[in-house]
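Next up is a structure, given as structure tokens.
The values are calculated or read from the model by the stated rules, or taken from the named source; none is laboratory data. Remember, it's a predicted structure, so these values are computed and weren't measured experimentally. Note: ideal-geometry Cβ built from the backbone for every residue, glycine included; neighbour counts use all protein chains shown. When the accessible area is computed, the model is the full protein with side chains, heavy atoms only, and any ligands, DNA or RNA have been set aside. Shrake-Rupley method; radii C 1.70, N 1.55, O 1.52, S 1.80 Å.
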Amino acid sequence: MQCPYPPQHGTNRKFLCKGDHHRNCTDMVTSQNSSGQTDVRFTLLDDVSSSSFSVTITELKAGDAGTYWCGSDSQWTFGNYTKIQLSLDVVVFNPVVFIVPAALMFITIFVLVVIYKYKCHKVQGTAARENRTTTRATDEEEADVRKPKSKTLLVDT
């Protein structure tokens, strides 16, 4: 949250308080004394050169919503404070956001593995057929070599 203040208030105590009205609010953080700070999640950073300070709230909670007042003048002179209405939209964890992409990735990997195995099996099947054909041809050639060859001798009389 950004809180502007008049340049002449550069050395004044800066504060952020929470409540429905600036006259009845609880200090959340101040620039001068952190011992009275009610919540350590609030940090105040004063930038005197820009005549403004910023307040950061870490780990926002639904209970942080509400009306805040920031200023630099404890007398609440008009124009020396800013009203900030903080509203939070609570985002509910939606497991579908994580489950659907994971399921799609699993299905994609499964399909790719099935296709890969099919292609490998097909290639191995072709190689086996070629191997059987080669083996048959070799067997036939060996059978031809083992058969005694008949020689016909022609004699001229």
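At a probe radius of 1.4 Å, what is the per-residue accessible area of ILE109, in Å² to the nearest 10?
Rounded to the nearest 10, that gives 90 Å².
Continuing with the same structure: Which ³J(HN,Hα) values, rounded to whole Hz and listed in residue order, are derived for the stretch 2-18 from phi using the Karplus coefficients 6.51, -1.76 and 1.60 in 6.51 cos²θ - 1.76 cosθ + 1.60 with θ = phi - 60°, glycine and proline given as x?
9, 10, x, 8, x, x, 5, 9, x, 9, 5, 6, 9, 8, 9, 10, 10
Another question, if that's okay. Give a residue-ordered list of calculated ³J(HN,Hα) values for the stretch 69-74 (Karplus: 6.51 cos²θ - 1.76 cosθ + 1.60, θ = phi - 60°; whole Hz; x for Gly, Pro).
10, 10, x, 9, 9, 5
What is the set of long-range amide H partners of LYS14 at a cut-off below 5 Å, with H atoms built 1.01 Å from backbone N?
Amide H neighbours of LYS14, under 5 Å, 5+ apart: SER31, GLN32.
Can I ask one more? Solvent-accessible area of MET1, probe 1.4 Å, all protein chains present, reported in Å² to the nearest ten, please.
Rounded to the nearest 10, the figure is 60 Å².
Could you rank the peptides 83-89, 46-52 by their average count of other C-beta atoms within 10 Å per residue, with the highest value first?
Working: 83-89: 10.3, 46-52: 13.4.
Sorting 83-89, 46-52 by mean packing, highest first, produces 46-52, 83-89.
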